[in-house]
Amino acid sequence: MGQYSSTHCGGGPKHRHRTPLTNHQSITSNNSDFFSLINSDEDESTVPSVFENRDYTDDLPDECLALIFQCLSSGDRKKCSLVCSRWLLVEGQSRHRLALNAKVEILPHVPAIFSRFDSVTKLALRCDRKSVSLNDEALTLISLRCSSLIRLKLRGCRDVTDVGMAAFARNCKSLKKFSCGSCMFGAKGMNALLDNCSSLEELSVKRLRGINDGFAADPIGPGAAASSLKSICLKELYNGQCFAPLIIGSKNLKTLKLLRCLGDWDRLFETIGSSENHVAEIHLERLQVSDAGLNAISNCPKLEILHLVKTPECTDAGVVAVARKCKLLRKLHIDGWRTNRIGDDGLVAIAENSSNLKELVLIGLNPTSTSLLAIASNCQKLERLALCGSDTIGDPEVSCIATKCMALKKLCIKGCEVTDEGIESFAWGCPNLVKIKVKKCKHVTGDVADWLRARRRSLAVNLDGGEVDIEPVDGSASEGGALEEAAEFQHTATALPVIRAADIPSTSNVGRSAAAKPWFGLFGGRGLVACTLRRWSNGNGDSSESL
């Protein structure tokens, strides 16, 4: 399955046979056609008969044709598949990623779909909220036809139950990445997946309705994936605490993201921190976690990336504990939600202990020149900096950054008390700066942007100083951000094929489900900062990426 040889298969077109010519006839004919082509003034588009009816792709092995198809967009691939039966066959056999509109009507077409696309290893099944999704029978049939799947993404498949998940897990034991959102199966289905898929590395769960039964939900353990699981993302779960055994039991866990999940999470982090762990990245967003949890997180000596987004119970004390013990910190995002519970003390501790810091995002905090001077002086590797929604950041603080941050390459300032004078300091400061964004700073005019561009032509300046700040600064980057798309085929979104409904049920451009709207009454909108954070996080940390 999935192999294609250089010889043509079944119904593919063969070389067209012609009556062979003698040497004399061939030379004469070729010369005649050649000179007639050169000397023809009547029709320059005339093609000699020797070139007519010649399909040069016949000389290409199937492997080369497949490589060409892989360089095309999904739409172009579909068009190529209509050229001839050989192209149809090769295109289907060389496609490894597939997205389908997972309505219940797809069931009778599953054999035909996966007979053509018999090499699929990455599958996305999406169903909009107004339609009836595929059921256990369809998912089981798909798993039988795609036993080599390594990635599966389920969205809105509300008719898939624990029974269907268990059957799928038994048939697709090579799965490495699993993501689900707005599904209805529960703890039994999730446990079946973890018990059978011993190679599972990434797990992302969002709005899993089947575990919303209060404290009656069964605990979810690591099962056979205890040693392989490296990344866990939980989003908008009412009873996410039932995943605690899974998180604690994943001995090689490196990335943990808990976003807008109810419950007290301090005890979980205390358990993680009490034993040896390999956690290098933690995202906490709108979560009930306090300084006790941050103290426990400080016992993760390999921690490199920490996001604290709108966790109002966290204070300077918790940030200081993390800074003093987590010496490898490279990226730090803090959204203080304008509570003023994290300030100079925590930031000075970061400056004194995080010499490897390359990316710093401060939102809704009010740091003074004391902490900013410490950061600018001690964090000599700092390349990306965002200062947003602060009442205390003005021209002196910005001038300090321009003077001290020699390695800085990308800077974002939003909603701060900065004027033209402060922005002018970047005409000479930060010699490595390649991009600066200034948004919603009411004292900054457009003139300074033109002035700055004239003096530093290599610097990209993005400014909208004339806008009025009518929406709150929001640092939430989880929606479509670092983890969900990393774990859920983020690089494949534009390449996934769509089979038109005229042929078989297929993916359509269905908009986001209304279920993606605010759920707990806690979730806000997304603005410039969210886009900036998503771009940074989706990258590999290299400074060459756009801010």
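The values are calculated or read from the model by the stated rules, or taken from the named source; none is laboratory data. From a predicted model like this one, the values you see are computed outputs, not experimental measurements. Every residue, glycine as well, gets a Cβ built from its backbone with ideal geometry; the counts of neighbours run over all protein chains shown. These area figures cover heavy atoms from the full protein model, side chains too; ligands, DNA and RNA do not enter into them. Shrake-Rupley method; radii C 1.70, N 1.55, O 1.52, S 1.80 Å.
In table form, for the structure just shown:
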| quantity | calculated |
| --- | --- |
| Residue check, P472 at pLDDT below 95, open to solvent by less than 10 Å² (accessible area, probe 1.4 Å), part of a loop (DSSP other than H, G, I, E, B) and not aromatic (F, W, Y) | no |
| Where C157 falls short, out of the listed (1) open to solvent by less than 10 Å² (accessible area, probe 1.4 Å); (2) within 15 Å of A102 (Cβ to Cβ); (3) in contact with a Gly (Cβ under 6 Å, 6 or more places away or on another chain) | (3) |
| Complete set of residues in the stretch 260-271 that are open to solvent by 10 Å² or more (accessible area, probe 1.4 Å) and either farther than 15 Å from A292 by Cβ or among the polar types (S, T, N, Q) (or both) | R260, L262, T271 |
| Verdict on K206 being more than 20 Å from L107 (Cα to Cα) and under 20 Å from the mean Cα position of the chain (by Cα) | yes |
| Residues (under 22 Å from T311 (Cα atoms) and either in a helix (DSSP H, G or I) or open to solvent by 10 Å² or more (accessible area, probe 1.4 Å) (or both)) located in the stretch 234-247 | Y238, N239, G240, Q241, C242, F243, A244, I247 |
| Any hit, the stretch 176-184, residues being of a type in the set (S, T, Y), open to solvent by 50 Å² or more (accessible area, probe 1.4 Å) and either in contact with a Leu (Cβ under 6 Å, 6 or more places away or on another chain) or within 26 Å of E236 (Cβ to Cβ) (or both) | no |
| Candidates E417, E421, filtered to the one that is on the phi < 0 side of the Ramachandran plot, part of a loop (DSSP other than H, G, I, E, B) and among the acidic types (D, E) | E417 |
| Criterion violated by L360 - all others in (1) closer than 15 Å to A280 by Cα; (2) within 29 Å of the chain's Cα centre (by Cα); (3) without any contact (Cβ under 8 Å) to a residue 40 or more places away in the chain satisfied | (1) |
| Out of S275, S298, S250, S231, sole residue that is farther than 19 Å from L362 by Cα and open to solvent by 20 Å² or more (accessible area, probe 1.4 Å) | S275 |
| Failed item in (1) open to solvent by 30 Å² or more (accessible area, probe 1.4 Å); (2) at pLDDT below 95; (3) farther than 18 Å from L107 by Cβ; (4) touching a helix residue (DSSP H, G or I) at 6+ places or on another chain (Cβ under 6 Å), with S198 passing the rest | (2) |
| Unique match (being on the phi < 0 side of the Ramachandran plot and either among the β-branched types (V, I, T) or assigned to a helix (DSSP H, G or I) (or both)) among S143, S148 | S143 |
| Matching option when the condition is under 28 Å from A169 (Cα atoms), assigned to a loop (DSSP other than H, G, I, E, B) and out of contact with any His (no Cβ under 6 Å at 6 or more places or on another chain), among S227, S275 | S227 |
| Any hit, the stretch 319-336, residues being among the acidic types (D, E) and surrounded by 24 or more Cβ atoms within 10 Å (Cβ to Cβ) | yes |
| Whichever residue in the stretch 90-111 is open to solvent by 10 Å² or more (accessible area, probe 1.4 Å) and part of a strand (DSSP E or B) and, among such residues, is farthest from L72 (Cα to Cα) | K103 |
| Unmet requirement for F185, which otherwise passes all of (1) under 23 Å from the mean Cα position of the chain (by Cα); (2) hydrophobic (A, V, I, L, M, F, W, C); (3) assigned to a loop (DSSP other than H, G, I, E, B) | (1) |
| Residue list for the stretch 337-371, filter: touching a Lys or Arg at 6+ places or on another chain (Cβ under 6 Å), over 17 Å from E304 (Cα atoms) and open to solvent by 10 Å² or more (accessible area, probe 1.4 Å) | W337 |
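For (1) under 20 Å from I150 (Cβ atoms); (2) in contact with a strand residue (DSSP E or B) (Cβ under 9 Å, 6 or more places away or on another chain), each residue gets a yes or a no:
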residue: V205; (1), (2): yes, yes
residue: A217; (1), (2): no, no
residue: P222; (1), (2): yes, no
residue: A225; (1), (2): yes, yes
residue: L229; (1), (2): yes, yes
residue: C233; (1), (2): yes, yes
residue: Q241; (1), (2): no, yes
residue: I247; (1), (2): no, yes
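Yes/no matrix, rows are residues, columns are (1) of a type in the set (S, T, Y); (2) closer than 23 Å to L382 by Cβ; (3) under 27 Å from the mean Cα position of the chain (by Cα):
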residue	(1), (2), (3)
L268	no, no, yes
V289	no, no, yes
I297	no, yes, yes
I305	no, yes, yes
V309	no, yes, yes
N340	no, no, no
D344	no, yes, no
